[in-house]
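To start, the structure under review is shown below, and the notes come after it.
The values are calculated or read from the model by the stated rules, or taken from the named source; none is laboratory data. The structure displayed is predicted, hence computed values, not measured ones. Here the Cβ is made from the backbone with ideal geometry for all residues, glycine too, and neighbour counts use every protein chain on show. Surface areas here come from the heavy atoms of the whole protein model, side chains and all, with no ligands, DNA or RNA. Shrake-Rupley method; radii C 1.70, N 1.55, O 1.52, S 1.80 Å.
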Amino acid sequence: MRRPMIAGNWKMYKDVNEAAALVADLKRVVFDIDNVDIVVIPPFTDLSDVGEMLIESNIALGAQNCFWEREGAFTGEISAKMLKSVRCVYVTIGHSERRKYFGETDETVNRRIKAVLDNGLVPIVCVGETLEERENARTIEVVRTQVSGALKGLSEEYIEPMVIAYEPVWAIGTGRTATPGQAQEVHAMIRGLLKEMYSSSLSEGKRILYGGSVKPENIEDLMKEEDIDGGLIGGASLKADSFAALAQTTSDVYS
Ligand code: 13P
């Protein structure tokens, strides 16, 4: 069975003091969950402090993005090596907000994935269709193109640690979550594509998270789906009690 993951993408919320308060609360409420990988993904400015607070806890640290170069004259950018030095383990790549507002493409996603893996970190690669694409019955085509573009030229052993997150853009921050059936359909398609591109063992082992308005009230049915292996959570990760409820329900479903 694939080990589930619950990852909280804080987006551009929580200054360093707010982050410390949230992490202190979170450590108290999730410390006894041992069958779920729990990850927090704060803004860059919080990473160093949060990373220290998480030492010897059951919560891992992730970053929201990174540049593909190791170092250099790239004002405003952060490298994977820098993220590693503040105890990051995961990096989300290609979130739809990066694609929409900051010009991220499948090609730049591919370059960032390489930088992350080359530094021994784990990419959480985000894909998902817009509402218009879904309404035009283009979901499968769009997600297939994103996954194959992201993984272009990358070998099976190389991408072994990678996690994928399916986040339909129309479900993000809207309160309108995909039904478990809608999400499962795309997750199964992604798993099938990984089998086509690589092998059954890669595809069977790959964790595919769902993201988009996941809440304590709807997570159980999502997690019961065969090909959904966890959640990438925005809004509901900003409070310790709701994030803990998501991790606990996932733990119960997998027990
Ligand atoms: P919400 O959970 O707020 O819809 O955000 C999902 C998301 O974008 C996580 O990366």
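Observations on the structure shown:
- I190 being assigned to a helix (DSSP H, G or I) and under 20 Å from D106 (Cα atoms): yes
- Checking each residue in the range 224-238 for being outside any helix (DSSP H, G or I) and either of a type in the set (D, E) or crowded, with 23+ Cβ neighbours inside 10 Å (or both) picks out E225, E226, D227, I228, D229, G230, G231, L232, I233.
- Of the residues making up the range 58-101, those that are farther than 10 Å from V116 by Cα, small (G, A, S) and away from the ligand (no atom under 12 Å from the Cβ) are A60, A63, G72, A73, G76, S85.
- The combined condition, being surrounded by 13 or more Cβ atoms within 10 Å (Cβ to Cβ), in contact with a strand residue (DSSP E or B) (Cβ under 8 Å, 6 or more places away or on another chain) and charged (D, E, K, R), is fulfilled by D37.
- Within the set V147, V163, V142, the sole residue that is within 16 Å of the ligand (Cβ to nearest atom) and among the β-branched types (V, I, T) turns out to be V163.
- Looking only at the range 198-212, and only at residues there that are open to solvent by 10 Å² or more (accessible area, probe 1.4 Å) and in a loop (DSSP other than H, G, I, E, B), the one that is nearest to the ligand (Cβ to nearest atom): R207
- Unique match (being out of contact with any helix residue (DSSP H, G or I) (no Cβ under 6 Å at 6 or more places or on another chain), in a helix (DSSP H, G or I), among the charged types (D, E, K, R) and in contact (Cβ under 8 Å) with a residue 40 or more places away in the chain) among D241, D221: D241
- Residue within the range 169-182 that is open to solvent by less than 50 Å² (accessible area, probe 1.4 Å), within 15 Å of the ligand (Cβ to nearest atom), within 16 Å of G94 (Cα to Cα) and not in a helix (DSSP H, G or I) present: yes
- The single residue among K215, K195 that is modelled with pLDDT of 95 or more, within 12 Å of the ligand (Cβ to nearest atom) and among the charged types (D, E, K, R) turns out to be K215.
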